[in-house]
Amino acid sequence: MMLRQEDSPERRAEKLGRIADVLIERVDRLEESRGSAWSMFQAAVALEQEVTTRTAQLEQALADLSQRNRELAVARASAEEANRSKTRFLRAASHDLLQPLSAARLFLDALAGTDMDGGQQEMVARLTGAFESVEQLMHAVLDIARLDSQRIEFHRKPVAMDPLFVRLADEYGPMAEAKGLRLRFAPTRAVIDSDPVFLRRIAQNLISNAIKYTARGGVLVGMRPRGPLSWLEVWDTGPGIPAIDRNRIFGEFQRLNQDSGATGMGLGLSIVRRACAKLGHPLKLDSEPMRGTVFRVGLPVAVHADPHGPAARHGQTGALRGRLAMIVENDSGMRRGYEVILQGQASMVVRLAGSTAEALATMGEDPPDVILADYNLDDDDTGIAAINALRAAAGHPIPAVMVTARRDPDIARACADIGVPLLEKPVRPADLQLMLEQLLA
């Protein structure tokens, strides 16, 4: 019997070879698959370790950040408390610092009105200048402290600009005249809405700055209506301000042209910038080298304001003569200073008291025409209590003026509640007499 062709050994060997090749290929693929899975397993393990490490690092970073935030919060609280402590100290110290300064100003003003020889007049002028420098520095420090305080409150109301210009002309006219400069105020009927105390401080600093840095020519102050705002403008014929310095001059202790002879600490424009920012008054500066500078402050026009306002001019001869003034002041130096100014210069009849009880006893059956009271009296007594008690005893609201060295919004509110204007120490005799004339008009 013969074997079939396909069952020959060669055929069978070839067939077995093909089967072996297929099996080897399958084994190779299986090995490759196993290697890929192992690689993936190893990669997954490595990734898991990396995620664990990064998670631990992130948790540590978050813990560090939380610690830094806690430290920052503590530091911020400490800084805020230090700032509040500084403000409280300045408020408390201002009364004791400004009290003798205010008394000295009253006496110097009275002395300047007496007959003196040339040497004595020079000495008085130099003393007055020194006291004015100290007063300006004190006001600047206190203003900056108030404007940096988060609790500052403004008391906005309609302000007639022409009477303010009159007061500023009286205040800065001698300063300009001493330098041979022309200081002019353009008449205006503008009535704007602002805080009168800080508005005056803004104008004072701009005018004082213009006079200091102007060697010849003059300074012009006026109002220019533009749209909803009326712009307070202060022009000078000084050397101008280079463009590179126009931002720097609004910083603290910044003065240009140090060789110009201008005095001061370089705080005026810093106060202007702070006050304008707090009040929402836009502030602009234009300057041309060797041609001069103009500062502009945008002031909102008061709604329903009387354009004629109060009388713009003052100094009416004999307006205070013979009128009875009750002075309630616990400081003997200030009492004597008021007496010298009001009785000696304004020819008023003056009664002096150091407390509410003493004022009531002094008044008797003859109520005063006006009351001048200091806010801080002895033994927790206040000028508010004195004014209320005297008005109650008289049976009618006697005109009154409150004087204080404390820059406190609570005092301003208390005075506004009883309709009493507020003067801050040091008191200028001219401002005091103007206030009394307006009250007794």
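The values are calculated or read from the model by the stated rules, or taken from the named source; none is laboratory data. Quick caveat, the model's predicted, so the values are computed rather than measured. Note that each Cβ is placed from the backbone with ideal geometry, even for glycine, and that neighbours are counted across all protein chains shown.
Quick look at the numbers
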| item | result |
| --- | --- |
| Residue satisfying condition, being surrounded by 15 or more Cβ atoms within 10 Å (Cβ to Cβ), assigned to a loop (DSSP other than H, G, I, E, B) and either in contact with a Ser or Thr (Cβ under 6 Å, 6 or more places away or on another chain) or at pLDDT below 90 (or both), within set Ile249, Ile241 | Ile241 |
| Candidate set from the stretch 387-441 (those that are within 20 Å of the chain's Cα centre (by Cα) and of a type in the set (Gly, Ala, Ser)); member that is modelled with the lowest pLDDT | Ala405 |
| Number of positions in the stretch 391-422 that are under 22 Å from Thr362 (Cβ atoms) and in contact with a strand residue (DSSP E or B) (Cβ under 6 Å, 6 or more places away or on another chain) | 7 |
| Qualifying residue in the stretch 407-420 (condition: small (Gly, Ala, Ser) and surrounded by fewer than 17 Cβ atoms within 10 Å (Cβ to Cβ)) | yes |
| Filter result for Ala312 (surrounded by fewer than 20 Cβ atoms within 10 Å (Cβ to Cβ), assigned to a loop (DSSP other than H, G, I, E, B) and either at pLDDT 90 or above or in contact with a helix residue (DSSP H, G or I) (Cβ under 6 Å, 6 or more places away or on another chain) (or both)) | yes |
| Selection within the stretch 194-228 - crowded, with 18+ Cβ neighbours inside 10 Å and among the charged types (D, E, K, R) | Asp195, Arg201, Lys212 |
| Selection within the stretch 215-235 - touching a residue at least 40 places away in the same chain (Cβ under 8 Å) and in a loop (DSSP other than H, G, I, E, B) | Ala215, Gly217, Pro228 |
| Test: residue in the stretch 329-340 that is in a strand (DSSP E or B), at pLDDT 85 or above, within 30 Å of the chain's Cα centre (by Cα) and not β-branched (Val, Ile, Thr) | no |
